[in-house]
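Nothing in this text is a laboratory measurement; each read-out follows from the coordinates by a stated rule. In this text the structure is predicted, and so the values were computed from the model without any measurement. Methodologically, a virtual Cβ is constructed for each residue, glycine included, from the backbone with ideal geometry; neighbour enumeration extends over all protein chains shown.
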C-alpha cells in the first residue's frame, strides 16, 4: 500500500484541484482531506456521507459544585486567567488551555476533567473508494491529532477495502498538521505557482521533506502565467534533487469542471493532469515503500527517475 501526500507550502495554489483530478484518475484509492482547518475536497469530489464521529482533541475542566469549598485555589494558580473566582468558580472554555493544573491542585477534588469536543470527522463513499474528511471547530486546536486520526483510519480502510493507494490532500504551510500528514508517507507531490512566494514556500517545504526523509516531486500549476519564473524555479528544484514533473497550464475550464464534480481530464489542464498522474504513479512504483515505512531519499529517487 502506498500513500501520496499532495502539499503546497501555502493555500490557494491548486493543491485540492490536483487531488480531485487524481481522485478521478486513480482506479482504486482511499481519499483523505487532511486540511481539517478548512476542508474543501468534499466540495469538488462527488460522495455520499456514510458515518460521522466527534473528535476530542483535549480536555476541559468542570467544577463539581457539591464538592467545591470556594477556596479560590484554582483561580489563583491558572496561568491563563481562565477561572473566575466565585462559589462555585466559573471556567471560561475560550481561555482554558486544558493543562489540568486546576484539577491536580484542587484541595477538595472538586474539579474533574472531561473530553473537549473539538470537531467531527466523516467517512464518505465516492467512486473508487472511501473518503475521510473532517471539520474542526472554530478556534479549536489539536488539528495535528485530527490529521493523524484520519490517516490512521485511512490505513485501516485501505486494508479492509483492499485499496493500493491512500491519496491525501494535505494542509497548507509547514506546521504541526503538515508534519502529521507527512510522517511515514511514500511520496510528496508539491504543487506551487510561478511566483516569488511560491518559490519561497516550495523551498521551505522541500527542506521539511528532506529532514523527514520523504521523497518529493514538484509540479508548477498555471506555469504559463509567468514562464520565466517557472523556468527559474524548475532549475532551482532540479539542483536540489527534486523530481520536476509535467507542469499544469492555466485553464478556466478546470474550475468549471471541478465545481460541477466532473472529470477534469479534458482540455489543456486536464491533459497535463493525466500525464502528471502517470508520472506520479511511476514514481510511487519506484519508492519501494509501503504505508508507514520510509526507505528512499529524494536524491536516490531522482537518480532512479533520471535513469
Inset, instruction - Would you mind computing, in nm to one decimal, how far apart the modelled labels at residue 161 and residue 117 are, each placed 7 Å from Cα along Cα→Cβ? - result: 2.7 nm
Legend entry - Computed [θ] at 222 nm, helices only, for the chain once each DSSP H run of length n ≥ 4 contributes -39500 (n - 2.57): -11500 deg cm²/dmol
Inset, instruction - Report the extension gain between residue 195 and residue 51 in nm, rounded to one decimal, defined as 0.36 nm multiplied by the number of residues separating them, less their alpha carbon distance. - result: 47.8 nm
Inset, instruction - Quick one: angle between helix 267-286 and the longest Cα principal axis of the chain, in degrees between 0 and 90, rounded to 10, please. - result: 80 degrees
Inset, instruction - Could you let me know the centre-to-centre spacing of region 3-33 and region 220-253, using Cα atoms, in angstrom? - result: 18 Å
Inset, instruction - Treating the angle as unsigned and between 0 and 90°, give the value, to the nearest 10°, between the Cα long axis of helix 196-211 and the longest Cα principal axis of the chain. - result: 80 degrees
Inset, instruction - Evaluate the relative contact order of region 65-109 (contact order divided by residue number), counting alpha-carbon pairs under 8 angstrom at least 6 apart; express in whole percent. - result: 42 percent
Inset, instruction - Note the angle between two axes, namely the Cα long axis of helix 227-239 and the longest principal axis of the Cα atoms of the chain, as a number of degrees from 0 to 90, rounded to the nearest 10. - result: 80 degrees
Legend entry - Cα-derived Rg to Rh of region 65-109, Kirkwood definition: 0.91
Inset, instruction - Give the relative contact order (percent, whole number) for the chain; include only Cα pairs under 8 Å separated by 6+ residues. - result: 25 percent
Inset, instruction - Could you tell me what % of all Cα pairs in region 15-123 have separations over 24 Å? - result: 47 percent
Inset, instruction - Quick one: grab Rg to one decimal and Dmax as a whole number for the chain, Cα atoms only, in Å. - result: 22.7, 75
Inset, instruction - Can you figure out the FRET efficiency of residue 101 with residue 204, using R₀ = 25 Å and their beta-carbon distance, to the nearest 0.05? - result: 0.10
Inset, instruction - Pop a pseudo-label 7 angstrom from the Cα along the beta-carbon direction at both residue 108 and residue 71 and give the gap in nm to one decimal. - result: 0.9 nm
Inset, instruction - Return the FRET efficiency for the residue pair residue 127, residue 183: r is the Cβ-Cβ distance, R0 is 30 Å, and the value is rounded to the nearest 0.05. - result: 0.60
Legend entry - Cα centroid separation - region 163-205 against region 89-133, whole Å: 27 Å
Inset, instruction - Give, in nm to one decimal, the length gained when the segment between residue 211 and residue 255 is fully stretched (0.36 nm per residue of separation minus the Cα-Cα distance). - result: 12.4 nm
